[in-house]
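Have a look at the structure below before the remarks.
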Amino acid sequence: MFDIEKYVNEHGHEQLIDCNDPQTGLRAWIAIHNTKLGPGLGGIRLWNYESADDALLDVLRLSEGMTYKAAVAGLKLGGAKAVILGDGKEEDPRVRRDRFRVLGRIVDDLKGRYIAAEDVGTTTDDIIIVREETYHVVGLPSEVGGSGDPSPMTAIGVLEGQRALIKEVLHTDRFKGVRVSIQGLGKVGFSLASRLVAEGAYVIATDINPEVCHMTSEKLGIRIVKSDDIYNEECEIFAPCALGGVINDDTLVSLRCRIVAGSANNQLKEVKHGEILHEMGIVYAVDYVINAGGLINVSHEMNGYDREKALADVAKIYDTIMRMYIIARRDGISEQSAAHKMAIERLLPEVAPG
């Protein structure tokens, strides 16, 4: 059994809210990790988890990652997240609407400590439903004054982070001929693949959905491989763009890349795997540093959305990744440790070095 109380205490979470509602069948949780810098902002994830424990662990890990993501990005925001345990019944529009309205009321009861947005498995239409119950949402469609789907901005940030690392690791300013293996062709993965192809990269990809693979191959002309084969592909960059935990004991031995740089959250199964990547000589673009584009983008909605300003701030991920890489090399530590140091400098400046 997953020891929730122990995990919450060890990782410093401020609050875990049980959002289960028997009347609508909603089973969900909101985790607020840290609000030192501002309200916790994070998406609502809907996934068919194998168990409630899996959903709880995911929401706790994701909310902590959002704290570090906001801190390193220089935002006045904290970390939080919501997850919904899917059961298939949410495919009925009426059930889905009822459940999201209940969740919206719970978000509103938190009085701004948690600001919700879309995430894996949810859409801007879902956020509109949540918005009927609370003002504490971002990621609204552009036609109602929001920034729309944040996926393209996340992809732009990942591309800029990759651009910084090919300059440092491969000593080139161009993607032409650079081999990139993308795991996951969802909204961010597809957007990233499109941009890399336009830059002249050689893209290999996979997805658990065969139809998505076929569509992407037809549109972009990229090579598709089986899901398990993506780790074995010889490439310069491996880009995890699906779910977390893909860098683990089983996959590390198969990696044939020089850089790991993708959009997925919690790419490491355990903290130790970031250190192993470092020992292997593989540069890791820490997930919460490189995938902050979506968060940066929706944060601009809080003060009146301006796309050009949002794009300019997302592009700064290039500089942030460069700073992380330089700190790691300067101090002889892993990129994972360097990113953590950067986050702590904002969260706990009184204990930061120098």
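The values are calculated or read from the model by the stated rules, or taken from the named source; none is laboratory data. Being a predicted model, the structure only gives us computed values, none of them experimental. In this analysis, Cβ positions are derived from the backbone assuming ideal geometry, glycine residues included, and neighbour counts consider all displayed protein chains. Surface accessibility is based on the protein's heavy atoms, side chains included, excluding ligands, DNA and RNA. Shrake-Rupley method; radii C 1.70, N 1.55, O 1.52, S 1.80 Å.
Here are a few things to note about the model shown:
- Segment 301-326 and segment 1-49 have Cα centres separated by 27 Å.
- Solvent-accessible area of ILE326 with every protein chain in place, 1.4 Å probe, in Å² to the nearest 10: 90
- Computed accessible area, ARG27, all protein chains, 1.4 angstrom probe, square angstrom: 100
- Lysine pairs with alpha-carbon atoms under 29 Å apart, segment 223-354, spacing 8 or more or separate chains: 8
- Taking Lys and Arg as +1 and Asp and Glu as -1, the other residues whose beta-carbon sits under 10 Å from that of SER142 total -1.
- For LYS36, a cut-off of 12 angstrom between C-alpha atoms picks up these aspartates and glutamates, skipping any fewer than 8 places away in its own chain: GLU14.
- Annotation: amide H of TRP47 within the under-5 Å range of ILE84, GLY86, sequence separation 5 or more or interchain, hydrogens built in the peptide plane.
- Applying 1/(1 + (r/R0)^6) with R0 = 45 Å to the Cβ-Cβ distance of ARG329 and ASP250 gives a FRET efficiency near 0.95.
- For LEU185, residues with placed amide H under 5 Å, excluding near neighbours: ILE208
- In the chain, helices alone account for a calculated mean residue ellipticity at 222 nm of -13000 deg cm²/dmol, with every DSSP H run of four or more residues adding -39,500 (n - 2.57).
- Listed by chain and number, the lysines whose alpha-carbon sits under 23 Å from that of LYS219, ignoring those within fewer than 8 places in the same chain, are LYS176, LYS187.
- Between VAL203, VAL95, VAL314, the Gaussian network model of the chain with springs among Cα atoms under 10 angstrom shows the greatest mean-square fluctuation at VAL95.
- Most mobile listed residue (ASP287, ASP126, ASP92) in the chain, GNM with C-alpha springs under 10 Å: ASP92
- Using a probe of 1.4 angstrom and keeping all protein chains present, the accessible surface of the chain works out to 44 square angstrom per residue.
- Dipole magnitude of the chain, debye to nearest 20 (Cβ charges: Lys/Arg +1, Asp/Glu -1, about Cα centre): 960
- Restriction of the chymotrypsin sites (Phe, Trp or Tyr not before Pro) in segment 88-194 to DSSP coil positions whose beta-carbon has at most 11 other beta-carbons within 10 angstrom yields TYR135.
- The chain - percent of accessible surface contributed by carbon and sulfur, probe 1.4 Å: 49
- The label point for VAL144 and the one for ASP87, both projected 7 Å from the Cα toward the Cβ, are 2.7 nm apart.
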